[in-house]
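Please read the structure below before turning to the comments.
The values are calculated or read from the model by the stated rules, or taken from the named source; none is laboratory data. Everything quoted here is computed from the prediction, not taken from an experiment. Cβ: placed from backbone, ideal geometry, glycine included. Neighbour counts: every protein chain shown. Surface accessibility is based on the protein's heavy atoms, side chains included, excluding ligands, DNA and RNA. Shrake-Rupley method; radii C 1.70, N 1.55, O 1.52, S 1.80 Å.
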Amino acid sequence: MRSKRQLGEGRALRRSVAEPQAFAAFYEQHADAVLRFLVRRTLDVDAARDLTAETFAQAFRGRGRFRGSTEEEAAGWLFGIARNLLRHYVRSGVVERRAVEKLGMRIPPLEPGDYARIEELAGLAQAREVVAAEFGRLNGDQREAVRLRILDELPYREVAQRLAVSEQAARARVSRGLRQLAAAIDEIPSVREAMT
Amino acid sequence: MSDAGTRPRFLDDLGHELARVAARDQRRGARPRSRARTAVLAVVATLLLATVAGAATGTLPLPGSGGPHFVTRDATGSFAPAVVRELAVLARPRTAQDSMGSAAAFVTGAGSPAPGSSLRVVPGGPMPGQEHATAISLPVWLLPADGGTVSMQVLPEGADGPASAFAADAAMVESRRARMTVGDDLVGLAPNGIRSVTATLSDGSQVRLQVHDNVYGARLAGSVSGVSFDR
């Protein structure tokens with residue numbers, strides 16, 4: 001049987017369709033987890049800030065499309081938005097801001113102390129260790145592809161030329177490598193907790 | 001002094017900003033778009049365009065589609081033999097699931113298709129392991145249109161009309177122009193013998209989609225710049 005808490009949050013999101021201000025409770029419930037998730041995936045506090053704002057802006061604009069009723073469903077729906085934005089960011093290097101702009105929102109600047117607070121919130125030190133260890137475990141082809149694309153920021157065409165493979169093969173190597181790194185990050189207890 | 005260990009100020013500020021937007025919407029009585037409302041708006045927009053541009057010829061080119069046409073009249077005929085030769089699914093036996101019912105009259109303005117002519121098909125989805133595509137569940141319909149062409153219509157469940165539609169002849173099917181996008185969804189026709197297609201997204205990434213009943217479809221993480229048949 002579903003608990004009151006399980007039902008409550010999904011209902012808050014549904015209620016916010018008719019009462020927009022009810023969205024605040026939904027935001028408060030998930031803001032920390034979404035920011036933590038995005039910081040750990042981007043390892044970039046500024047990008048994570050913008051992605052967090054766009055995630056909630058899209059959730060606010062699209063709340064009429066949420067069809068669930070439980071906390072789990074509401075969280076899954078929200079993190080689905082975050083993942084889509086993250087995928088777009090990883091692929092293009094650009095943070096989408098369409099919903100933020102359409103709502104006429106201002107993304108608040110980071111205060112001087114926020115960098116340290118966010119790094120602490122996300123446990124970045126631990127995440128960096130995990131990523132470094134997992135990077136070393138990637139097979140040679142994937143490691144080189146990820147290095148060229150992510151660290152050297154080369155376009156896929158150039159990555160393919162350097163590796164003497166097709167562009168499609170280069171994309172596949174980078175993609176598999178990043179998936180392996182992402183899986184390692186997901187295993188960090190606080191991240192797993194944030195996503196469930 | 002360390003600033004770590006407390007909630008980032010940014011999150012409080014963002015919460016205030018969202019609250020400001022929510023309060024503004026509450027004052028205006030604004031409501032977000034539901035799927036049903038979006039579908040209805042799409043239908044109204046499509047029909048409005050069709051009414052204006054289709055008056056003379058009965059057809060309306062879809063933006064960026066490079067050939068396929070929206071059909072505004074006579075969907076009661078049959079498929080041309082050349083189209084049936086390209087698309088074997090058109091010759092398959094019909095079942096009760098293939099009947100469009102009253103939706104067709106709204107779509108074409110010319111009454112329901114001849115009995116046993118329309119088909120409901122399930123598009124082939126992304127091949128396993130495709131990163132930039134997910135399966136779609138939109139019902140896709142095929143029915144005869146002007147000159148024996150095949151009209152493909154994406155009809156959201158419960159909607160009175162299609163989210164989008166086009167008609168194609170055999171040459172369009174063979175030249176890969178028989179496709180359309182509905183929001184982030186891509187659907188298209190592939191001739192007999194094609195078991196998969198590769199869609200190229202505007203950022204250069206590619207996704208492979210299976211073909212089922214001569215139809216492929218998927219929700220893509222980006223706009224489509226081209227589709228090729230895997231031969």
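Go ahead and set up a Gaussian network model of chain A, Cα springs under 10 Å, then flag whichever of A:Gly62, A:Gly136, A:Gly123 fluctuates most. Result for chain A, Cα springs under 10 Å: A:Gly136 fluctuates most. A simple spin-label model places pseudo-atoms 7 Å from Cα toward Cβ; at A:Ile150 and B:Thr134 they are separated by 2.3 nm.
Whole-Hz Karplus values for region B:217-231 come out as x, 6, 8, 10, 8, x, 7, 8, 9, x, 9, 10, 7, 7, 9 Hz, taken residue by residue from phi with 6.51 cos²θ - 1.76 cosθ + 1.60 and θ = phi - 60°; glycine and proline positions read x. Solvent-accessible surface of chain A, averaged per residue with a 1.4 angstrom probe and all protein chains in place: 49 square angstrom. Straightening the chain between B:Gln97 and B:Arg85 buys 2.0 nm, computed as 0.36 nm per residue apart minus the Cα-Cα spacing. Taking springs between alpha-carbon atoms closer than 10 angstrom, which of A:Ala53, A:Ala182, A:Ala169 fluctuates most in the Gaussian network model of chain A? With Cα springs under 10 Å in chain A, the top fluctuation among A:Ala53, A:Ala182, A:Ala169 is at A:Ala169.
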